[in-house]
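K.L.:
The structure that follows is given in the form of structure tokens.
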Amino acid sequence: MNRLFTIAFLATAFFAQTAQAECYADYKAKKDRPLQLHYGVIQLDQSDCGSRRDAARAASRRLEAGGWTLLNILDIFGADQLERKERDAGSYFLRF
């Protein structure tokens, strides 16, 4: 009985951790000269999913490396919304 409980506990912990690991944000960004705007979806580390401020800090660093400036984080969400947002993000889906 103890062994069954341990296995169930470990399985629950594993799946809970896996589910928490998938965190995404959608954002708007710009590039100057010439002005370019884009909407995109970015995958974040779990530590950056606590607030839009944390997500913005992480997304800004990655976007700036590609020459883009983050305008704003629209939403933070899980994998269950990815398919719907992929269509809207186009080539900027999980690009950064």
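K.L.:
Suppose we filter region 44-60 for residues that are over 10 Å from Ile76 (Cβ atoms) and surrounded by fewer than 16 Cβ atoms within 10 Å (Cβ to Cβ); how many remain?
P.N.:
Final tally of qualifying residues: 5.
K.L.:
Among the candidates Arg95, Arg87, Arg33, single out the residue that is surrounded by fewer than 17 Cβ atoms within 10 Å (Cβ to Cβ), at pLDDT below 95 and assigned to a loop (DSSP other than H, G, I, E, B). Walk me through it before giving the result.
P.N.:
Numbers: Arg95 fails: at pLDDT below 95; Arg87 fails: assigned to a loop (DSSP other than H, G, I, E, B).
Criteria check complete, one pass: Arg33.
K.L.:
Tell me which of these Ile73 doesn't satisfy, since it passes every other one: (1) surrounded by 13 or more Cβ atoms within 10 Å (Cβ to Cβ); (2) assigned to a loop (DSSP other than H, G, I, E, B).
P.N.:
Checking Ile73 against (1) surrounded by 13 or more Cβ atoms within 10 Å (Cβ to Cβ); (2) assigned to a loop (DSSP other than H, G, I, E, B), the one that fails is (2).
K.L.:
Just name the residue that is farthest from the chain's Cα centre (by Cα) out of those in region 29-74 that are under 14 Å from Arg95 (Cβ atoms) and of a type in the set (Lys, Arg).
P.N.:
Only one residue tops the list, namely Lys31.
K.L.:
If you take the residues of region 18-28 that are in a helix (DSSP H, G or I) and not β-branched (Val, Ile, Thr), which of them is nearest to the chain's Cα centre (by Cα)?
P.N.:
Initial filter on region 18-28 (in a helix (DSSP H, G or I)): 18-21.
Keeping just the survivors that are not β-branched (Val, Ile, Thr) gives 19-21.
Values: Ala19: 13, Gln20: 11, Ala21: 10 Å.
Among those that are in a helix (DSSP H, G or I) and not β-branched (Val, Ile, Thr), it is Ala21.
K.L.:
Right, another one. Look through region 48-70, keep the residues that are in a helix (DSSP H, G or I) and among the small types (Gly, Ala, Ser), and return whichever of them is farthest from Tyr24 (Cα to Cα).
P.N.:
Ala65
The values are calculated or read from the model by the stated rules, or taken from the named source; none is laboratory data. Just so it is clear, the model here is predicted, and its values are computed rather than measured. Virtual Cβ from ideal backbone geometry, glycine too; neighbours counted across all protein chains shown.
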